[in-house]
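Report on one structure; see the data block that follows.
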Amino acid sequence: MSRQLKWSLGLLGGAIVIAILMVVLRPEPEGAERVEQVPLVEVIPFKAASGAIPVVASGTVEPTDEMTVATQVSGRISYVNPRFREGGVVGAGATLVRIEAADFQNQVRIARADVATQDVAVLQAREEVDIARDELDRFANREANAGAAAGTAGGLSGSSQILPPTQLAKDGVAATQSRQPSDQQTSTLATRKPQLRAAKAAQERAKANLAVAQLSLDRTRATAPFRGLVRQENASIGTVVQAGQPLGSIVSTSAYEVRLSLTQDEMALLPGLMQNRGANVPASVYYEFGGVTYRWNAVVDRVDAILDPSTRNVEVFLRVAAPLTGGKRVDAQGQASGPAPPLLLGAFVRAEIGGTSLASYAVVPAEALRPGNEIWLVRDGKLKIVPVRVIQRTDQDAYVVTSEIAEGGQLVVTNLSAPVDGMSVRTAGQDAQ
């Protein structure tokens, strides 16, 4: 056996002996008492409240009155109001668009000339009626005188025949009946009264044509019926347009409306709305602009009595007066503290309506409402899982009702990975007695 091998075997044997000694002579580990880890949670007071519960919903600002601008006659545009541009504001009664009026002015002149002509024709017909009446009177007098003279001469004639009275009466009636139609027709035309009625009818027709021509001339201007904001505009000088062709639209700035979609549970908090269909119930509209919240006063204008078929919700419409100038800035305490920018059409806003009063409910942070409408309470160091009924919920808070509100406790606002009813917990943060 070589010397190198002997050294290797010796080192290996020494290492084995040392390892055995270390195992045999190692000290016994000290025992430690096992400490159970109790979860640490953050809590806030949980107590009952009473009073009116505000119904909060979100909606979009829409126009209350919107008019499509169009002319009622065809022609070439000769004028467009400089303010009639998208985003501009036009006053009530302002001319927005004007059609070239030369043709319509000529039609008015022609109609006036016709009226003057027919006025002369009526005067002439009236004079003819007077003349005809005088002539008929003279003719009647002459006939009466001639008949009287003929009767006197016949009475003196020896060849006259004496007839019985009954025969004289029959002959007189027959002669009158045979002569009456022709005499009446002749006398009616001879009075010139039908010609006068025809002249008056022609005069009325000429006046009507003048009124139509004047109305067409007036309709060459499209005016704003109210002070409004120009929403769309498509009118240029020189463009030939047809009657009724849309040239733009303006929205009344006197009031906007906000459409809200409320659930049936939320509507139950507003019993007066369905009974009175709104009845000007006060409300508030909040709009966040540039990181600052602004508020406008509003009223419930109307309530749709038909459920939305897609959402099964009730549509409620708020009316916001003076949307361009009626807003106020809301400070940290919720008080109005300064002017606001105009309320923008199409803006997504939050609305708040004063609801009914409840004797007992609780307001909890929205993040403290657990899935399945449950809350976690701490009572005597133990976790209590309590089911609740949510009557109103916003982005920040939830209004809940439960039979255990009177017992109070501490509301858990932190999350637990595996909560168990009755488990021990430690509290931190604000404590409530």
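Mean residue ellipticity, 222 nm, helices only, the chain: the sum of -39500 (n - 2.57) across DSSP H runs of n ≥ 4, divided by residue count and rounded to 500, is -11500 deg cm²/dmol. Couplings for the range 248-265, taken from phi via the Karplus curve 6.51 cos²θ - 1.76 cosθ + 1.60 with θ = phi - 60°, read x, 8, 10, 10, 5, 9, 6, 6, 10, 10, 10, 8, 10, 10, 10, 6, 5, 5 Hz in order; Gly and Pro are left as x.
Could you tell me the convex hull volume per residue, in Å³, taken over the Cα atoms of the range 220-266? All intermediate terms of the calculation are to be shown ahead of the outcome.
Numbers: hull volume 5.8 nm³, N = 47.
So the per-residue hull volume is 124 Å³.
To the nearest 0.05, how large is the calculated FRET efficiency for L136 and K200 if R₀ is 25 Å and r is the Cβ-Cβ distance? E(calc), rounded to 0.05, equals 0.75.
Using a 1.4 Å probe over the heavy atoms of the protein chains, calculate the carbon and sulfur portion of the accessible area of the chain as a whole percent. Intermediate values should be presented prior to the final figure.
Working: 14190 of 26920 Å².
The C+S portion of the solvent-accessible surface of the chain is 53 percent.
Average projected area of the Cα convex hull of the chain, in nm²? Don't skip to the end; give the middle numbers.
Values: hull surface 241.1 nm².
That works out to 60.3 nm², a quarter of the Cα hull's surface.
In loop segments of the range 64-119 as defined by DSSP, the trypsin sites (Lys or Arg not before Pro) with at most 15 further C-beta atoms inside 10 Å of their C-beta are R83, R85. Among G291, G354, G88, the largest mean-square fluctuation in a Gaussian network model of the chain, built with springs joining Cα atoms closer than 10 Å, belongs to G291.
Over the Cα atoms of the range 329-414, what is the Rg over Rh ratio if Rh follows Kirkwood? Present the calculation step by step, with values, prior to reporting the outcome.
Details: Rg = 17.2 Å, Rh = 15.6 Å.
Radius of gyration over Kirkwood radius for the range 329-414 works out to 1.10.
The distance linking the range 69-87 with the range 336-377 is 46 Å (Cα centroid to Cα centroid, whole angstrom).
A Förster distance of 56 Å, applied to the separation of the beta-carbon atoms of T394 and D103, puts the FRET efficiency at 0.35. Taking Cα atoms only, the orientation of helix 3-24 departs from the longest principal axis of the chain by about 70 degrees.
Looking at the chain alone, DSSP beta bridges between its own residues are antiparallel in about 95 percent of cases.
Normalised by the number of residues in the chain, the average gap of Cα pairs under 8 Å and 6 or more apart makes the relative contact order 27 percent. Of the trypsin sites (Lys or Arg not before Pro) found in the range 240-312, the ones in coil according to DSSP and having at most 13 other Cβ atoms within 10 Å of their Cβ are R277, R312. For K193, the lysines whose Cα falls under 27 Å of its own Cα, not counting residues fewer than eight places away in the same chain, are K207. Computed over protein heavy atoms with a 1.4 Å probe, the accessible surface of the chain works out to 62 Å² per residue.
Taking only the C-alpha atoms of the range 263-384, the Rg (one decimal) and the largest Cα-Cα distance, Dmax (whole number), read 18.2, 55 Å.
The values are calculated or read from the model by the stated rules, or taken from the named source; none is laboratory data. Quick caveat, the model's predicted, so the values are computed rather than measured. Positions of Cβ are backbone-derived with ideal geometry, glycine not excepted, and every protein chain shown enters the neighbour counts. We work out accessible area using only protein heavy atoms, side chains counted, and drop any ligands, DNA or RNA first. Shrake-Rupley method; radii C 1.70, N 1.55, O 1.52, S 1.80 Å.
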